[in-house]
1. Of the residues that make up segment 219-239, is at least one modelled with pLDDT under 85, surrounded by fewer than 19 Cβ atoms within 10 Å (Cβ to Cβ) and part of a helix (DSSP H, G or I)?
2. From the list 248, 213, pick out the single residue that is closer than 18 Å to residue 63 by Cβ, out of contact with any strand residue (DSSP E or B) (no Cβ under 7 Å at 6 or more places or on another chain) and buried (at least 17 other Cβ atoms within 10 Å of the Cβ).
3. Restricting attention to segment 204-218, does a residue exist that is over 23 Å from residue 117 (Cβ atoms), out of contact with any helix residue (DSSP H, G or I) (no Cβ under 6 Å at 6 or more places or on another chain), touching a residue at least 60 places away in the same chain (Cβ under 8 Å) and part of a helix (DSSP H, G or I)?
4. Considering 28, 3, which residue is farther than 30 Å from residue 183 by Cβ and surrounded by fewer than 14 Cβ atoms within 10 Å (Cβ to Cβ)?
5. Would you be able to say whether some residue in segment 91-103 is in contact with a helix residue (DSSP H, G or I) (Cβ under 7 Å, 6 or more places away or on another chain), closer than 18 Å to residue 195 by Cα and at pLDDT 80 or above?
6. Could you tell me how many of the residues in segment 118-132 are touching a helix residue (DSSP H, G or I) at 6+ places or on another chain (Cβ under 7 Å) and either part of a helix (DSSP H, G or I) or loosely packed, with under 11 Cβ neighbours inside 10 Å (or both)?
7. What are the residues in segment 61-94 that are touching a residue at least 24 places away in the same chain (Cβ under 8 Å) and either surrounded by fewer than 17 Cβ atoms within 10 Å (Cβ to Cβ) or in a loop (DSSP other than H, G, I, E, B) (or both), if any?
8. Please go through segment 136-176 and pick out each residue that is assigned to a helix (DSSP H, G or I), farther than 17 Å from residue 78 by Cα and free of Cβ contacts under 8 Å to residues at least 24 places away in the same chain.
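The values are calculated or read from the model by the stated rules, or taken from the named source; none is laboratory data. Note that the structure is predicted; figures quoted are calculated from it, not measured. A quick note on method: Cβ atoms are made from the backbone with ideal geometry, for glycine too, and the neighbour counts reach across all protein chains shown.
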């Protein structure tokens, strides 16, 4: 019986890994296949002939470098702004006392009640009147609106766990509220900040809905929007699509490889402290 349970356990793990890693492997090997082999009706699980033609064409025929830089600016800018605003908001909601702060916390999370598509028309009109349409600033503002509430909620466990006496001692010694936040609360909440930073970066890096609506010119497109134009009604350039997908995944993989342990640490620490 024990052998059967162990066998089922390993089979289930193998099935999950195959489901998760199988498509990634197929995209990777397909990006190195020649076009005839890539479009052949007989699939090959390993390239018969390796080629870098799709990667070369990706930079020759498409403004991939521009798309990549735009996505990087939007993801990093959105993450930085969200962290600063969410840290200030979390400290205000969880560590200060004033009327209506619990209502404010509820309003932070209420944004997730409504589908994002409902925000498109009012935001489109607002950005048009402010002159922000077809700019990266529009995407940064939208992304911050989406990721900041989750960041505030996740920081709750870390900020609430700090003893009040430590904060009071710092205030008595002459520290300002901002000094208390950045010298006491931020270091303690570092694992949580790393977790939300990684989550925010990945969400902003792959965001498609708002980028496809608020960006009109080709020079301002981000990677998800730029890659979507490889899909034509009657023809799909699979080589460009596969090679572009590999390069899009590289920054996300590198970020998670460098900060993945902080992500797990932040989530588990938040759960324990909560």
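1. Within segment 219-239 (the criterion being modelled with pLDDT under 85, surrounded by fewer than 19 Cβ atoms within 10 Å (Cβ to Cβ) and part of a helix (DSSP H, G or I)), the answer is yes, since at least one residue qualifies.
2. Going through 248, 213 in turn, the sole match is 248.
3. yes
4. 3
5. yes
6. 4
7. Matches in segment 61-94: 61, 62, 63, 66, 72, 73, 76, 85, 88.
8. 164, 165, 166, 168, 169, 170, 171, 172, listed by residue number.
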